[in-house]
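Heads up, the thing below is written out as structure tokens.
The values are calculated or read from the model by the stated rules, or taken from the named source; none is laboratory data. Fair warning: this is a prediction, and the values are worked out from it, not measured in the lab. A quick note on method: Cβ atoms are made from the backbone with ideal geometry, for glycine too, and the neighbour counts reach across all protein chains shown. The protein model used for the area step is the full one, side chains on, heavy atoms only, and it has no ligands, DNA or RNA in it. Shrake-Rupley method; radii C 1.70, N 1.55, O 1.52, S 1.80 Å.
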Amino acid sequence: MVLLEWGAIALVLAIVTVAALGVFRLRTLTRRIGSFDCGIRPVDAAGQWEQGIAHYGVTRIAWWRCWSLSMRPAMLLDRSELVITGRRPLRPEDVDGAGADGGPPVGVPTPAIPAGVEALTGVHASARADAYIVRCSCRGAELELAMSAAAYAGLASWLEAAPPTRRQAIV
């Protein structure tokens, strides 16, 4: 019986440790200067949005998944190869799983609001007037990025501030 109790205590401790590491990672990523909330999905697939944190670097944008323990970025977008091909306001049908009743779907990333915070605050992606879907290409891959208007302005400015050979990067 004592072994069972110690096993249960060890399991609870392991769960708490993993949760604490996840919270620490997410807090560290969101507190960096140059970080912004950014959902991403490939254009060719009608796939799910993946919520993440993007961070501006000198030559690239690093993108991390929100709900992961990895300290390495899941995607790197090189400044010299990133081209914005369009943008539009976020519409309710852009949100995965949005129902006809307009109710908030479960587990959907909200641009500029991490998914966990969305559940706590009740703010829904379709209610965000300042959210954009930004279509871009990088290394031949077409991507859609979901971000706030402020994050889009920062992205456009970051690309415009690149060396003079990059003037075609902004639509």
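Inclusion of residue 103 among residues that are modelled with pLDDT under 85, part of a loop (DSSP other than H, G, I, E, B) and open to solvent by 50 Å² or more (accessible area, probe 1.4 Å) is not warranted. Exactly one residue among 161, 169, 149 is under 22 Å from residue 31 (Cα atoms) and modelled with pLDDT of 50 or more, and that residue is 149. In segment 52-70, the residues that are closer than 19 Å to residue 150 by Cα form Cβ pairs under 6 Å with partners that are acidic (Asp, Glu) and open to solvent by less than 50 Å² (accessible area, probe 1.4 Å), at six or more places apart or across chains, as follows: 60/78. In segment 9-32, the count of residues that are at pLDDT 90 or above and of a type in the set (Phe, Trp, Tyr) is zero.
Results for (1) open to solvent by less than 40 Å² (accessible area, probe 1.4 Å); (2) farther than 15 Å from residue 134 by Cα; (3) out of contact with any strand residue (DSSP E or B) (no Cβ under 8 Å at 6 or more places or on another chain), shown as yes or no for each residue.
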residue	(1), (2), (3)
11	no, yes, yes
15	no, yes, yes
29	yes, yes, no
51	yes, no, no
64	yes, yes, no
81	no, yes, no
85	no, no, no
88	no, no, no
92	no, yes, yes
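Would you check if there is a residue in segment 44-52 being at pLDDT 85 or above and of a type outside the set (Asp, Glu)? Show your work before the answer.
As a first pass, look at segment 44-52 and keep what is at pLDDT 85 or above: 50-52.
Next, from what is left, pick out any that are of a type outside the set (Asp, Glu): 51-52.
For segment 44-52, residues at pLDDT 85 or above and of a type outside the set (Asp, Glu): present.
Among (1) charged (D, E, K, R); (2) modelled with pLDDT of 50 or more; (3) open to solvent by 30 Å² or more (accessible area, probe 1.4 Å), which single condition is residue 96 missing? The failed condition is (3).
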